[in-house]
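Beneath this line is the structure, given in structure tokens, with notes to follow.
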Amino acid sequence: MRRADAILKRVGPVKLTRWQAFVADQMPELPLGGPVTRLDPVSGPRAIENDAFPFEALSAIAETESWRKEINRPTTHIHKWWAQRLGTVFRAMTIGAFAPSGADILDLFYRPLRIPDGTIFDPFMGSGTTLAEAVKLGARAIGRDINPVAFFLVKSALSVHDRKAILETFSAIERDVADEIRSYYRTTLPDGQSADVLYYFWVKVVDCPSCAAPVDLFSSLIFARHAYPKKFPQAQAVCPFCGNINEVHVEARGAQCSSCTKSFNPGHGPAKGQNATCPACAHKFPIARTIRATGKPPTHRMYAKLVLLPDGNKAYSSITREDRELFAKAERTLANCNDPYPIVAIEPGYNTNQALGYNYRHWHEMFNARQLLCLSILADRIRQIGDPVLRDLFACLLSGTLEFNNMFASYKGEGTGAVRHMFAHHILKPERMPLEANIWGTPKSSGSFSTMFEGRIRRALDYADCPFELRVTQAKSSQTTQKVFGLSEKIGAPVAETYAEFARGRRVYLSCGDSASTDLPKQSVDVVLTDPPFFDNVHYSQLADFFHVWQRHILGGEGVRAKDTTRSEREVQNADEDDFTDRLAAVLREAHRVLKDDGLLAFTYHHSRPEGWRCVLRALMNAEFGITAAHPIKAEMSVAMPKHQAKEPIDLDIILVCRKRTQLVTHQWNGDFGGTVAPPVMDQVSRLRASGRTLSRNDVRIIVMAQLLRQISRSATVESALNLLEEAKGETDALIDRIHATHGEAPDQRRGQNGKE
């Protein structure tokens, strides 16, 4: 038996992409485990600055992680955050930023490695990926974020947790409130037995502007189908005449109701696109405009439920009088509660205007009465927890539960996690056929408080106690993914509230505020490692307010929660080019101040538009940084909805490695695109293609743009660099076209090849 077998824990055979299989074949038999290897901060070139940085092998590992990030990196996934980067990537970046040039990154990646004297700063800590990887490597970690929700979730994730106390607290919460919450999700079966309801199905209803008849906004009368319909074609459809639930074939265009015997087309509904047609008078009308004209949020009708039968099976059925009376009871109980939920207005913004357009004016209007009642019961109970660390952790759990228990969530169907959370599209998209889940939940529930405790908190505790890395391997005739244990320190450290505490020995220091102004001493940081916000319209703060108002409701409005919004005029994320550049440059200037002269700044980035790269170049040079290396690397989640909807999806990030310009020799790029930019681009593209990786046009674009910026970032002035960038536009586009024509593949071919869809 190989000694690696003692460390590796097989998680079973998986179907690997051609790319992953290639890397598995090429990866050497590494001497996994062994004695702890120590890395100390060094001067001179680092391994991450070397062109041989193994981005293709690391990307294969990262892709495996990306399919189930909440399982493979659960510590940083106890709560929702956007654009969460991959732990594999940031572990490798951390190692590469401290290891000297020529070091074998893959060898070090799978060794017990410690960087006890290294200090890492992430000024955009987000969900805490950088910090968690730094702690695992024994380094000292400083994180800061302007958003209170990010600060709260990272502090909850990285604090020292008492497993016994957590389990006891959950049991106490269950004992005190679970039965009360469960009582609002019960139904009586035809044989008189009582059963739990897993999910209630609702539909938005709007009155026809012509005849005033209520119109259900079904886009299809099929409301439930299997995640794999070709293999399991059975689907559930609601009869438009009597409301009976019928099992139909998922592709059926005709059906006869088993109750009223009337025929209907299960694939059609009154709503199509932005319009609806009244079944009573055939009048066609715009949905959003009609709802806006009412001056109030849209109404809903409960029409079906999925019941967990006593024998463990599930059954769809129609809503009964008992179901309506139970909901009415919840409404009456809620009306008699004192301050049961936060009442905070939704502010206008790119990511909130769609909800405002449907007359949602306050955050609590995104929930129905039963959801608000049950969430308030949990909130009241969590508020009573005495230990602040425990109280924060369970407030974090409840906050995460909100994502799946609101009237913007929808049904994914059988064969997968049943609840599609409200941020699947990264916007606040009103759902015409929302799903109400059982908030306490059952063992067969999705997105409930109890199942998320098991799936998020317990899993995070397990990972924190015994972190692992993933390894793509070739074993005989099959490829497998293996978990490699014993490489890292436990996750969890007393979190310093001030830099003075950190200086006295605490390993983690977290703060909430503008990263353009910190309390860190000059030249106190070895490496700045981060993932800055993008230059675009997705404002995390506008979305994070959904959680913030509830966290404030439970934990109080002091400190970082003094305001009822997380929005700030100093946010870097911005759709205005000048504002984004200025704010990013301000943070990078502060990074320059706190970074040691021989330290590195390394961050991940991608953008599909030229102005996104122009902003980064300006910000870096205004902050007195120059780029020394650029490597393509696997980016975020492979299954993200916005990525699948993009015509040319970006599947890669670029790691930009930078040094202070005082440590570099400035020069004027000679404009030799073919001699300086094209060769490293072709090398990186060839390495990715040789490993079986397919590239969209935008993937090619980010590789080209990064290498171009690498050349011109050492220009004497920002103005000269921007001129060179503009002058190279024609050659840039020509190279992108040429490479994509010969080395790229269409997005549908890429997705089909990886076997995941």
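The values are calculated or read from the model by the stated rules, or taken from the named source; none is laboratory data. Worth saying up front: this structure is predicted, and the values here are computed from it rather than measured. Because the Cβ atoms are built from the backbone with ideal geometry, glycine has one as well, and the counts that use them run over all protein chains shown.
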From the residues in the range 569-598 that are among the small types (Gly, Ala, Ser) and in contact with a Ser or Thr (Cβ under 9 Å, 6 or more places away or on another chain), which one is surrounded by the most Cβ atoms within 10 Å (Cβ to Cβ)? Ala591
Which residue out of Ala716, Ala741 is surrounded by fewer than 16 Cβ atoms within 10 Å (Cβ to Cβ), aliphatic (A, V, I, L, M), under 30 Å from Leu664 (Cα atoms) and modelled with pLDDT under 95? Ala716
Among residues of the range 154-187, those that are small (Gly, Ala, Ser) and under 27 Å from the mean Cα position of the chain (by Cα), counted: 3
Options Val215, Val135, Val149: the member that is surrounded by 24 or more Cβ atoms within 10 Å (Cβ to Cβ), within 30 Å of Arg292 (Cβ to Cβ), touching a residue at least 60 places away in the same chain (Cβ under 8 Å) and touching a strand residue (DSSP E or B) at 6+ places or on another chain (Cβ under 8 Å): Val215
Tell me which residues, restricted to the range 422-451, are surrounded by fewer than 23 Cβ atoms within 10 Å (Cβ to Cβ), part of a helix (DSSP H, G or I) and within 20 Å of the chain's Cα centre (by Cα). Thr451
Hits in the range 289-310 - residues which are of a type in the set (Ser, Thr, Tyr) and more than 17 Å from Ala369 (Cα to Cα): Thr290, Thr294
Any residue in the range 97-105 that is touching a residue at least 40 places away in the same chain (Cβ under 8 Å), in a helix (DSSP H, G or I) and crowded, with 23+ Cβ neighbours inside 10 Å? yes
Only one residue in Gly400, Gly415, Gly455 is on the phi > 0 side of the Ramachandran plot and not charged (D, E, K, R), so which one is that? Gly415
Which residue pairs have Cβ atoms under 6 Å apart, sit 6 or more places apart or on different chains, and have a first residue in the range 483-495 that is part of a loop (DSSP other than H, G, I, E, B) and a second that is among the polar types (S, T, N, Q)? Ile491/Thr75
Regarding the range 122-132, can at least one residue be identified that is in contact (Cβ under 8 Å) with a residue 12 or more places away in the chain and in a strand (DSSP E or B)? yes
Residue by residue through the range 304-318, note down the ones that are farther than 15 Å from Tyr411 by Cβ and aliphatic (A, V, I, L, M). Leu308, Leu309, Ala315
Out of all the residues in the range 226-246, which are out of contact with any Asp or Glu (no Cβ under 8 Å at 6 or more places or on another chain) and touching a residue at least 40 places away in the same chain (Cβ under 8 Å)? Tyr228, Val238, Gly243, Asn244, Ile245
